[in-house]
Every structure is written in C-alpha cells, then in structure tokens.
1. Peptides 497-504, 80-87: what's the order by average Cβ count within 10 Å, highest mean first?
2. In whole percent, and with a 1.4 Å probe on the protein chains, what portion of the accessible area of region 579-623 is carbon and sulfur?
3. Can you list the aspartates and glutamates whose alpha carbon is less than 13 Å from that of Lys441, not counting same-chain residues fewer than 8 positions off?
4. How high is the relative contact order of the chain, given as a whole-number percent (alpha carbon pairs under 8 Å, six or more residues apart)?
5. Against the empirical 2.2 N^0.38 Å scaling, what ratio does the C-alpha Rg of region 562-654 come to?
6. Just read off the accessible area of Tyr561 with the full protein assembly in place, 1.4 Å probe, to the nearest 10 Å².
7. Ranked highest first by average number of other Cβ atoms within 10 Å, how do 285-294, 623-632, 266-275 line up?
8. Taking the Cα centre of each part, how many Å lie between region 369-410 and region 303-354?
Amino acid sequence: MKLLKVLLLFICVNVSAQQGGMWIPSLLKGMNETEMQSLGSKLSADDIYNVNNSSLKDAIVHFNGGCTAEVISSKGLLLTNHHCGFGQIQSHSSVEEDYLKDGFWAMSLDEELPNKNLEVTFIISIEDVTKTVLNGVSDDMSPKEIQSLIQKNTNGLQKSFKKEEWQSTKVKAFFKGNQYFLFVTESFEDIRLVGAPPSAIGKFGSDTDNWIFPRHTGDFSMFRIYADKNNRPAKYSKDNVPYTPKHFLPISLDGIQEGDFTMVFGFPGRTNEYLPAVAVEQITQKVNPTNIKIREKALKVIDAAMKTDDKTRIQYASKQASIANYWKKWIGENQGIEKSNAIAKKRTFETTFMKAISKNKYKKHQTLLSDFDKLYGDFEPYAVKRSNFFEIFYRNNELMQTMFRLYQFEQRVEKLKLNKDETKSATAEKLKEIHDTEGYKKAKEYVISQITRIQKNYNANVDKGVFEAIMPLYDAKNSNSDFYNTSSFTNLTDALKVLEGTSNNVITAINNDAAYKFAKPYIAEFYNDLEPNYQRINAEIAKVQKQYMKALMEVLPSDRYYPDANSTLRVTYGQVKGYAPRDAVYYNPVSYLDGVVEKHIPGDYEFNVPEKLLELYKNKDYGQYADTNGKVPVCFLGTNHTTGGNSGSPAIDGHGNLIGLNFDRVWEGTMSDMNYDPSICRNIMVDARYILFIVDKYAGATHLIDEMKLVHPKKK
Ligand code: ARG
Ligand code: GLU
C-alpha cells in the first residue's frame, strides 16, 4: 500500500514536472490523451481532431499567418487578440474617428468593416507524408542536393494530392526535417471587423506591462468570417453572408480555479528546443544584446514623437508595438536563460548524451557536438551582422527599408537582362524592347506596392531621427543623414516620379538618388557576402541539427520529444498555476478588475482607466460575469507551452469550452522558445468572463452575447 502511494506520488509529480510541448493534433492518441486526462481533461483525442466528424480543430483558424483566432458563434464570429487585430483597427482609424483610442463596435452586420489583405485559414486535414518527401534522400548528399530533391518530391506530392478546388495544400518539415506533414487548408478572405475595446482596455498597461504578470489587459477583438452562398471562401462582396462553421466554441461562465486543466489550441510560430548549448550562448550573448541596443535607440525616438501629436501616434502605433514587443522579449529571454542556468544545464545534458553514445556504440553520432562547435564558431560573425542588418535596413528604419526594396528591384531588372543570351549582341533598340516587357512591368508594380505600403504611415522627420540614433551601431564612421534632405524617397509623389520611364532611365535615376547612394554598398555587402555565407553555414548546421535530433530520439528514447513550432496547428496543455519569479515572491494565477483600478493613473497614456469602466466597478455592475468571490477576473496564468503566433489562441477547459484567450507569456518564461522550464514558464490568458463583461456591460453589444453559447459546465 505504502509503495503504491509512493509510486502514485512519483507519477503525479512526474506529470507536472514533464509539462511542456506543442503537439500535433492528429497524433494525440496514446501518451497525450492519457496525460491530458490525468490533468483533468474529459476530452478524447477524437474530440480535438477528427477528419470525419466535426471537432475542436474546426473552430480554430490561423489569423493572417501570424496569430490565431477561434469561431465563437454559429455565424462565424471570430475572437482574437486586440494586438492581432491592431493593424486593421489602426487602418480604419483617423484623428476624427479614432477606433484605437475609443474602440469600435458594429451594432449590426452592415456596420461590420471589411479589411483588405486579411485572411483566415482552417486546417481540414493533416497527413504524414515523410516517406514520399524523403524518398531518395540520403545522409551523404550535400545540403543543396537534399533541398532540391525534397522540393521536387514535395511538388509532385502536392500536384497529385486530391482536394477540393477551393482548398490548398502545404507541406511542412517537423523534427528538424526528420518528418513531414501535409496540410489541407481552406482560407477565407472576406473578414470583417466586428468590435474592439479602446486601447485603454485592449492594450491596458501597454509596454510597461507587456510580458509581465500581474497583468490587467483585455487584449481581445472580434471579427467575422463571410462566405459565399454555398458557405465557401469568396472575395469580398456585399452579397457574402456570415460563415456557418463546422464547429464553434461554447463559452464557460464558470471560470477557472488554480489546478484546472487548460488547453491552448493554435498556431505557434517558431521555437528551437533542441539547440546545442553553443547556439543558445550565441543567441543570448551575441545576437540578442546587439539587437536590443538598436531597438532601444529607435524606440526612444519613436516614443517621444508619438507623445507629441495624435497623427504621429496613430501612424506609428503598429510599428512601435512590434518593435517594442521583441525588444522587451529578448531582454526577458536573456534573463530567463541566465536565471535558470540554461546554458550550463544544456552542457551537462550534452555530457550525458556523449556518455550515452560511447556506451551504446553509436559511433556515427560522436562528432555531432564538435561539429556544432566548429560551425557555430564560423557562423557567429555572419549571424550577428545579418541580424543587425535587418534591424537597421529593414525593421526600424523605413527609408532604409525602401532602399532595400529598391535594391531588390534593381537586381530583378538586372536578371531580366542577363536571362537573355541575345542581350550581348542585341542592338540598343532590341535591348529596350527586352527590358520593358512584362517582366519589367511586374517588377515595377511590385516595388511600387511595397513603397506605397511603407509610405502609408511614413514620417520623414521621425524616420531621420531613428536613422541618426541607430546607424552608428552598424557603422560608427558613416551615419551622416544629409541625404534625407535631398532623396526623392521621403515622399510618395516624388518616389513614384523616379519610377516613371524605361528601365534604363529608372535604374539610373535610382542610382542617382542620395539615399540610394548611401545605402547601396551596405545592401550589396549583405547580398554578396553576408547572406551567402550565412546561408551556406546555416545549411550545414541544419544538416547536423537534423542528425542530432534523430540521434537524441534514438539514444535517449525515454525523454520527452515534440516538434519545434513551425506555424502549424498545435495543441499544448497544462494547468492554471501561479509561480515564484524571485525569492519570497509568489504570483497568484488570477488577476481581477480591482487590479485594473489599482493601476489607474488618470490621463496616463498606458494606465488611464476609462470612466465607464470605473463606474461599472464602483456600482459592482458585473452582470453574470463575476467569480464566486464577487470579483471580475481579468487575466490568468497557465503552464501551457506557447509562443508568438499563439496570440489569440483559445484557452479551452476539460469539456471543450472556451475559458480564456491566450495573449502573452511571463517575462522570465519567454526563454521557453529555447528552454521550457515548468517552474517559471507561464502563458497569460484573458479570462473569457472579462471579455464578455466588456462586450456586454462596457460596450453594450448585447447582440453579440446573444449570438454566443454561454454554458455552465461546472454546475451540472
Ligand atoms: N507580448 C504580446 C505578444 O507577443 C503582446 C504584444 C502587444 N504589443 C505591445 N507592444 N504591447 O504579442
Ligand atoms: N503575444 C504573442 C503573440 O503575438 C504571444 C505571446 C508569446 O510569444 O507567447 O503571438
């Protein structure tokens, strides 16, 4: 009896210690199903993923490739984060009608706002296609040969794969290229904005609270999928109708308690759990710190400008948010790696691995770790500089981003010339004909669309300030910004003028532009030196990483393995749980509206609480949305293993109901992208009841509440 107790205890402890993992929804039978049930789930693997019947997966969509959203009504109503719909909310906003500031609520279907370039994608089925994709591939082939064979196999597979005409297929690599899956997908592109709270709720706490707990952000927004009369994907049309989903998530009014089962179902973007210590060291000690510095400088300029006037604030809202987001994430990631001794732990693990392979005579694996050491050594200068290059010439500065696009345009036009053998002997007349054909027109249209997009929210003064702040970090000797005064690319009208005319004239004009003269040598260096070297070594690293992954699973088969995130649909699960970020400090897993009011700073750009919300609080006008303790829950923590892309993912209870909306992780836990540690890695979710409370009591959008299905799973 005693022994049994000890055994049981061991199993329980082991379960919670082992949490973590982003699992493939079609492969949950067995270990995952059992583990989920031991954590309190009543769901079967078939309830979650089933190709023949509707299942939870039919309510989940990839939201514009970067976030997740879920269907929460029979009329295609979608729930996602405020920060996921941010770009759309911003693009419908002006100084006069500022939906970022005031929020937006469509009070009927015809008030819902269409969005350009927004699509959502359902996963219809998932199939293991490893055999076909790796057919003929062997270890002694070069990375290049392997890549092109895989590409060929994949193309063949996709061509012959049976699907409906409105569906698409996608093949993705898992376990570092040891396994491949094919996804049949269905994408809808008539997606309309239904509602968003004001930023003072949806982005409450802004950057100060970003990646932080205790958190009080109501980070949600709502959209709706529209389809044609046959319920199929269709381009925007006013004749389209709300989509009828195969499944939608009911919403639980019973809430959560510490220890409750939670599952987060969505599209995590990218993780790297099986890196060698040397790689983690390079990322955290070389790449992150330099990028953090660049963004810190850029943000100083942008933040100051946004506070000066409303137009700039709206213009820079999305840009600032995305720059600030990863700036802060990298800082947290570095802290977490250091605090948890992750690098030393990886080294210890690598010693264990080396011992295991000597014992088991896995001779062929013996050089893997020393191969990594050598390759990462060669890689470092390129990895750091390439990453910094993108920060300067792409992410943080828009004139430089324009130059980057122009350079690509020039290369494309060059290629058009060189493609034709006749070019060498052709007459001037003939040359002109070749250059100004379809290919040239397409290239020009493309670059014009890119520049137009950049110019949409362009502010030359702020951009110049950013340039002056960050360029010295790339090249201390050359950061004179005078070309901002003469370049034609600081406004759209002049930029488009430069792009008028025959290819020769246009290329000459671009090359005469002062900004281009400045940027071209750096961009050329990137394409001629940085990028080819980076890609060459990276391909070799990928080859070793593939073998290392395979070796780990072969040599230490009882360890826990799950494929790294790759923007495909995954299930992750855990429990509602607090954590101790530092000595003597413990965070309860649930935050309440009381905390919103505690943080209130009247007039502050991050912590001002809207009058109406203060009033609801004062009158305790909570409707059916308060917890049994009489308080309105706002956010809660879980041990679900999530990453960027999981934003907007539903948090689902053990019965398949929505209980929350994933939107963030705790700061120290962001290292989970390389090192998931159950003791400090937590995801942050908005409580579903806070969302309902805001929609109902704050916004008065009761027609949306009526459309949803609210349930009481705990009061059966
Ligand atoms: N940290 C969350 C995520 O990675 C929320 C970001 C919202 N942006 C912000 N700058 N506050 O997407
Ligand atoms: N906010 C993130 C996103 O946009 C999710 C948070 C995380 O990285 O875990 O996906």
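1. Values: 497-504: 15.1, 80-87: 24.8.
Descending packing order for the listed peptides: 80-87, 497-504.
2. Numbers: 1340 of 2700 Å².
About 50 percent, which is the carbon plus sulfur part of the accessible surface.
3. Of all the aspartates and glutamates, those that pass the test against Lys441 - Cα under 13 Å, at least 8 places apart if same chain - are Glu410, Glu433, Glu500.
4. Numbers: 1271 pairs, mean separation 172.8, N = 716.
Relative contact order comes out at 24 percent.
5. Numbers: Rg = 16.9 Å, N = 93, 2.2 N^0.38 = 12.3 Å.
In units of the globular-protein estimate, region 562-654 measures up at 1.38.
6. The accessible area comes out at roughly 40 Å².
7. On the way: 285-294: 17.4, 623-632: 14.7, 266-275: 21.2.
Packing order, densest peptide first, comes out as 266-275, 285-294, 623-632.
8. So the two Cα centres are separated by 18 Å.
The values are calculated or read from the model by the stated rules, or taken from the named source; none is laboratory data. Bear in mind that the values here come from a model prediction, so they are computed numbers and not experimental data. A quick note on method: Cβ atoms are made from the backbone with ideal geometry, for glycine too, and the neighbour counts reach across all protein chains shown. Surface areas here come from the heavy atoms of the whole protein model, side chains and all, with no ligands, DNA or RNA. Shrake-Rupley method; radii C 1.70, N 1.55, O 1.52, S 1.80 Å.
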